[in-house]
Structures are given as C-alpha cells and as structure tokens.
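Quick notes on the structure that follows.
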Amino acid sequence: MAIGGIEKVQFMVRDQMVAEHSRDWGKENVHYDPVHYLALLERKPGALDFGKPFDDWDLPEVFGVLRRRLEGELGQAGRREFIKVLRLLESCELNELARAVDRALQIGALTVEVVRLLLQDGREEPAKYFRLDGRPHLQGHEVPPPNLAVYNTLRQEDYCQLNNEIH
C-alpha cells in the first residue's frame, strides 16, 4: 500500500513501513534508492553496472577498491561477494559499512562474514557490574575458590591413560 502525504510517500507491507521517500512535485522525475534494489542484484549481478538505480550511486572509494580486489581474485564470484557486502546496507549506515570495509581491506580479509564481524565490533555494550544492592537474599553468600588440584589430578590421569595406550 502506498500512502502519499504532502512531503513524503510511504510504502507499507501489512503493518510495516518498507520505504519512505520525499515527495517530488516535478513532472516525470524518477528517484531511486539503490539499497531497495540490492536483493535483486543477487539474482542479476550484471545490473550492478547497467541498472538505472546504480547509475549515480556515489559510494566511498573503499567500495571500489574492495570490488576490484574481489573481482580480480575471484572473477564473477567476487562480484557476488561484493554484492553481499553491499546488502549489509539494508541493516546499517553507509559510513559504518565504509569503515568496516576499510578495516577489512587493511587486514586483507575480504569476505562478507569478516565485514559483518567488523561492523559488529564496538556495537556491543560491555557488561555492567552486577550489584547486590536491593537483593538481600543474595547477600552474605560466599563462593569458595576453586580447587585447582582436582584439575591437575584429572590432567595427570589423562596423561597416564594416554601413556598406557601408547605402550
């Protein structure tokens, strides 16, 4: 369903907004958001070079470097890997992805899995301290330190067992 307002046009599928665009009151103007067409690229990778939505897409230089390296090393499979990297734009901002691609290029790890991991780096919040304030039922309990001698005994038994199997 399309909902047209004075300033925006929204596209809804069921109850979820899938796209929103600024309204253009000029005649016969066509505007593309390349991110909306990324899923199609996986089926038709040639559209990356010849598709109208990608004509004026001004990506940061690191994307060009990544594409050249992937296609140089892997040929057509490299283009498909590059498209998978671009698909990460469906869930992150362009500048975030550009930083992750730049780091991937620096370390020479050029797969979508690595770029995805680099995107996640720094997003996770460190664990906060667990405080016992307001939890009187947990206060006053002590956890004894572990007995590491038991671990050494297990290691020694494994060593003896391994030694007997060899002889």
When only residues in the stretch 6-35 that are of a type in the set (Val, Ile, Thr) and loosely packed, with under 12 Cβ neighbours inside 10 Å count, which is modelled with the lowest pLDDT?
VAL30
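Against the condition touching a Pro at 6+ places or on another chain (Cβ under 9 Å), modelled with pLDDT under 90 and under 24 Å from VAL18 (Cβ atoms), how does ALA47 come out, does it pass?
yes
The values are calculated or read from the model by the stated rules, or taken from the named source; none is laboratory data. All values reported here derive from a predicted model rather than from experimental measurement. Backbone-built Cβ (ideal geometry, glycine too); neighbour counts: all protein chains shown.
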